[in-house]
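Data block below; observations after.
The values are calculated or read from the model by the stated rules, or taken from the named source; none is laboratory data. Everything quoted here is computed from the prediction, not taken from an experiment. Cβ sites come from the backbone with ideal geometry, for glycine too, and all protein chains shown count toward neighbours. Surface areas here come from the heavy atoms of the whole protein model, side chains and all, with no ligands, DNA or RNA. Shrake-Rupley method; radii C 1.70, N 1.55, O 1.52, S 1.80 Å.
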Amino acid sequence: MKTFWNMNNKAKFEPLEENLEADVCIIGGGITGISTGYYLSKEGKKVVILEKDTICSHTSSGSTAKVTSQHGLIYKYLYDSKGKEFAKKYFEANNNAIENIEKIINEENIKCNFERKSAFVYTETEKEVEKIKDEVEVAKKLGIDAEYTNKIDINIDILGAIEFKNQAQFDISKYVNGLSDKILINGGKIFENSKAIDLEEKNKKYIISTDKGSITAKDVVIATRYPVITFPGYYFMKMYQSTSYAIVFDTKTDINTNGFFINSEIPQISFRSIDNERKNLLLVVGYDYKTGDEINGNPFEYLEARVKRMYPNSEKIISWTAEDCISLDKIPYIGEFSKIMSNIYVATGFNKWGVTSSNVAANIISDKIIGRKNEYEEVFKSSRLEMIKNKDEMMNMVKEAGDSIVLKRIKDKETPTCTHLGCKLSWNEIEETWDCPCHGSRFTKDGEVIESPALKNL
């Protein structure tokens, strides 16, 4: 997938074509897998990373690349549903992630346009103002450096906003590539165009096979956005996938703002400037919907019209779509993949806030493999199943999963079915893809896999 962040990237690493042994095998070469590999290789672990395409080529490169602990209006929700201490720990984990990322950039001298800026959630509608004020009140109770404001320095007339100070943004591809270089220096190995197609346990170790080679390792980390192993983790019953649309515009004017922005109402739209030699580039991401559902209108046209109202002379440079996993309780799943499969770890369900979540995950999983206690692991515990918090969505997932597993053999034969669990696919006219409404797999019109959890072509 070509995005602004990776449009000049080329393959850096050879495919796996031999059988190797390692301490840890990481499946997935996005920011989560590479960050985990970086930390473990610094600890002296022999790390091998398998990436099915090229590193930072899917979810990571599709992101806004905001480095922030402000994840929408989440803190009042956490405060009310989980309590003050839980909400505070969630903030601390993500706030620490910002500091960790900046520390890595400085220590390893990674040139990735890291900039400290404020993060804003704003509204243009009266009914959302009270929600934002409530979020400010809760944030201050948690000790967050947050303020209420009714003005932001981008061409949007707002009614109110919450500002988190001292957040950041960067070039995610440059950061991930910088980390990958350090992994090699630390003795690790990275293989691109090396899709993991099988995992089996033998002699208390795991053998991860690709089409031309295999890795034998004691510990395995699944960092593929959506876990490529279906059972026994049952993550297809604990989350769904959401597709967002993204465009970079040349606005023909200087828009180097003091922050980045996202609205609180639906559809949500995110704005950030892109720091490079020019100061006129604007990244716009949003209009998300559950993958496979019917799309109302054309999201690309909506985003373009929105920006044209702000900057009439703007021109589109590049556009793409990005998928994210949404957990039932808005909290990522990080830790042991399953209670009955030891030494396999997972990081998923980042709810569109994967940059800081990736660092939180890398620290929790690295600590578990090394044998250290991490103070935040209980917040993100992956074995939880919050059925009651989102009962409607849970029942919908159960229905879809049952349809996938039980009814797949009797579906009509005119419409293709997903190679993951057999769901009937939906045709996406905008992108000309086959999308799975159950678990978010996507295929080209010719049947090639674009996005997991499906591994096989139609």
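Less than 5 angstrom separates the built amide H of PHE13 from those of GLU192, all sequence-distant by 5 or more or on a different chain.
Here the relative contact order of the chain, from alpha carbon pairs under 8 Å that lie six or more residues apart, stands at 18 percent. Residues of the range 80-105 with an amide N closer than 13 Å to a point placed 7 Å from the Cα of GLN268 along the Cα-to-Cβ direction: none. Remark: relative contact order (the range 252-341) = 19 percent; criterion is Cα-Cα distance under 8 angstrom and separation of 6 or more residues. Helix screen, the chain: DSSP H segments with Cα axial length of 15 Å or more and mean Kyte-Doolittle hydropathy at least -1.0 are 31-42, 172-185, 299-310, 354-370, 391-406. Helix content alone sets the calculated 222 nm mean residue ellipticity of the chain: runs of n ≥ 4 DSSP H residues at -39500 (n - 2.57) each, divided across all residues, give -8500 deg cm²/dmol.
Please report the antiparallel percentage of DSSP beta bridges with both residues in the chain, rounded to the nearest 5.
Details: 64 of 88 bridges.
Antiparallel bridges make up about 75 percent of those DSSP assigns within the chain.
In order along the range 61-70, the phi-based Karplus estimate (6.51 cos²θ - 1.76 cosθ + 1.60, θ = phi - 60°) of 3J(HN,Hα) comes to 6, x, 7, 6, 6, 8, 10, 8, 9, 8 Hz; Gly and Pro are listed as x. Put the Cα centre of the range 219-284 next to the Cα centre of the range 339-353 and the gap is 20 Å. Solvent-accessible area assigned to carbon and sulfur over the range 229-298 amounts to 46 percent, based on a 1.4 Å probe. No disulfide-compatible partner, judged by a Cβ distance under 4.7 Å, exists for the following cysteines of the chain: CYS25, CYS56, CYS112, CYS325.
Measuring between their Cα centroids, the range 289-337 and the range 4-41 lie 26 Å from each other.
Here the calculated FRET efficiency for ASN258 and ILE185, from their Cβ-Cβ distance with R0 = 45 Å, stands at 0.80, rounded to the nearest 0.05. Amide hydrogen proximity for THR257: with H placed 1.01 Å from N in the peptide plane, the residues at 5 or more positions away or on another chain lying under 5 Å are SER273. For the range 269-386, a/c is not less than 1.5, where a ≥ b ≥ c are the root eigenvalues of the C-alpha gyration tensor, and a/b tops b/c. That puts it in the prolate class. Residues in the chain average 43 Å² of solvent-accessible surface per residue, probe 1.4 Å, ligands and nucleic acids excluded.
So what is the relative contact order of the range 44-197, in percent, for Cα pairs below 8 Å that sit 6 or more residues apart? Please report the intermediate quantities before stating the final value.
On the way: 219 pairs, mean separation 61.9, N = 154.
Over the range 44-197, the number comes to 40 percent.
For a paramagnetic label modelled on GLU130 (point 7 Å from Cα along Cα→Cβ), amide N atoms under 20 Å away belong, within the range 43-83, to 73-81.
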